[in-house]
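The values are calculated or read from the model by the stated rules, or taken from the named source; none is laboratory data. Note that the structure is predicted; figures quoted are calculated from it, not measured. Cβ atoms come from the backbone with ideal geometry, glycine included; neighbour counts cover every protein chain shown.
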Amino acid sequence: MDRSIVHVDMDAFFAAIEQRDDPSLKGKPVIIGADPKGGRGRGVVSTCSYEARKFGVRSAMPISEAWRRCPEGIYLAPAFHKYEEASARIREVFYEFTPDIEQVSIDEAFLDITRSSHLFGGPIETCRRLKARVKEATGLTCSVGLAPTKMAAKIASDLKKPDGLVVVPPGGLVAFLAPLDISKLWGLGPKTAEALRSRGINTVGELASAGDRELRALGSHGADLKRLALGEDPREVRETYDTRSVGNEITFEKDTSDEREIKESLLALSDKVSSRLREGGFKGRTVTLRIRLEGFETYTRARTLSFATNYADIIGREIMTLYAAFQRGRKKVRLVGVRVSGLMPAGEKEGLFEEEGDARREKAHKAIDAIREKFGRGSIYRAGGKKDI
C-alpha cells in the first residue's frame, strides 16, 4: 500500500501570530528577532512576515542586514510563550487526524495519514480538513505537502506558500522530482551540490539518470543520492524519541555579565552533553539553550536541525548562535544550560547519505572519547571551553 505522508509547515509562524494578535500589523513587514538598534544591533532574524520577505529579509539573517534592507520594518522581540501555546494547540489538531506524528520543530511536523485518511474522505480531503481545522483553532494558515515519502512531502509544502496544498501522487513521484534543482534534495550539502554541478548535474532528473561513472567520484554518496533522486526514501514518521533528552546546566557562584565566562561555560556544557550522548549511544535533533537571569526569570531558546547529531562542535555552534540572538539587556546571568532532545540511536542512519566531513568528525570525536576513557574527562577539552564543569 502506498504511504500518505503529510508535511505541515506553518506560514511565517512567529510573525503570523503577532499579526493575528495585533490587527494593526497585518499587511506590514514584521520582523521577529534581536533588537536592530538602528542597524547596529547583534543577533539574527527569527522569522519575518511575507511582506518583509519582499525586501529580501530572511530567517537567520543578521539583524543589522535586515535593518539595512528594511529600515521601515516593525521589529519585535520573540514572545515564545505565545508561540509555544499556539504550537501545542496545533499539535492537538493533528491528533484529530492521526496518532502518527513527528514534530520536527515548533512550526512544522510530519504526519502519516496512511491508516486514517479513509475516515476523512481520502488523503487529499484529509489535508484540506486539516488546514481548515488549524485555521479554525488558531487563526493561522499553514502550507501542506502530501506525498508518498517524507522528502517529497517536505519539498511539496514549500512550493506554494503561504496557505498552499501541493499533492504528489504515488505514480508521479519521479516526475515531480525530476525538474527540481538538486539543492531541493533534503539534506544535500553545498559541497556535494558543487561537486554534482561540476559534472553537469543540476537537476534531480539529471541525477536520477546519471551513470555510475559520473557518480563514482562521490563514493557511496553517489549511489545514495541517486536513490533519493529516484524517489526512494523509506524513512518513517516517528515520535518514539521526542520525550527523551540529555542536558546539563551550571549555576554561577555569582550572577555574572562576563561574556567570556558565559560563553566558555556554554561551550563546556555543549561538550559535556556531547559526551553523555555518545556514552549513551544517542544523537538528537533539537538543541536547547536555557538561561536564568538575576531575579530568576528563566528563558529557553531552541533550534531543530536537519539531521540528528552528538558532535560537540555542532551542538556548541548552535548554542552560541542561540545565545547571540538572546537579548538580556543589562541583566546578569545566574544559570545557563544546554539540552539536546528528539533522540534516536546514534547508529541509526537518518538520511540516505552523510554530509561531507562527517567521517573525519566522527574519527576525531572517537579519539577524544578514547583519551577521556583512559585518562579522565579533564585530560582533554575543547578550545574556548572550561576545563572542568
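Kindly indicate whether E136 is under 17 Å from the mean Cα position of the chain (by Cα) and either polar (S, T, N, Q) or farther than 24 Å from K150 by Cβ (or both). Write out each step before concluding.
Values: under 17 Å from the mean Cα position of the chain (by Cα): no; either polar (S, T, N, Q) or farther than 24 Å from K150 by Cβ (or both): yes.
It is false that E136 is under 17 Å from the mean Cα position of the chain (by Cα) and either polar (S, T, N, Q) or farther than 24 Å from K150 by Cβ (or both).
Taking strands (runs of 3 or more DSSP E) that fall entirely within segment 265-348, which contain at least 2 residues that are without any contact (Cβ under 8 Å) to a residue 60 or more places away in the chain? Lay out the reasoning, then the answer.
On the way: elements: 282-293, 298-309, 333-345.
Once the strands (runs of 3 or more DSSP E) in segment 265-348 are filtered for at least 2 residues that are without any contact (Cβ under 8 Å) to a residue 60 or more places away in the chain, what remains is 282-293, 298-309.
Within segment 20-49, can you find the residues that are under 25 Å from K154 (Cβ atoms) and in contact with a Lys or Arg (Cβ under 8 Å, 6 or more places away or on another chain)?
V45, C48, S49, listed by residue number.
Does E297 qualify as being modelled with pLDDT of 90 or more and out of contact with any Leu (no Cβ under 6 Å at 6 or more places or on another chain)? Before the answer, list the steps.
Values: modelled with pLDDT of 90 or more: no; out of contact with any Leu (no Cβ under 6 Å at 6 or more places or on another chain): yes.
For E297, the condition - modelled with pLDDT of 90 or more and out of contact with any Leu (no Cβ under 6 Å at 6 or more places or on another chain) - is not met.
What is the residue count in segment 188-203 for residues that are surrounded by fewer than 16 Cβ atoms within 10 Å (Cβ to Cβ) and either aliphatic (A, V, I, L, M) or closer than 23 Å to T304 by Cβ (or both)?
Adding up the residues that qualify gives 2.
R91 versus (1) at pLDDT 95 or above; (2) part of a helix (DSSP H, G or I): which is the lone unmet condition?
Unmet for R91, out of (1) at pLDDT 95 or above; (2) part of a helix (DSSP H, G or I): (1).
Just the residues that are at positive phi and modelled with pLDDT of 95 or more, please, taken from segment 39-85.
Matches in segment 39-85: G56 only.
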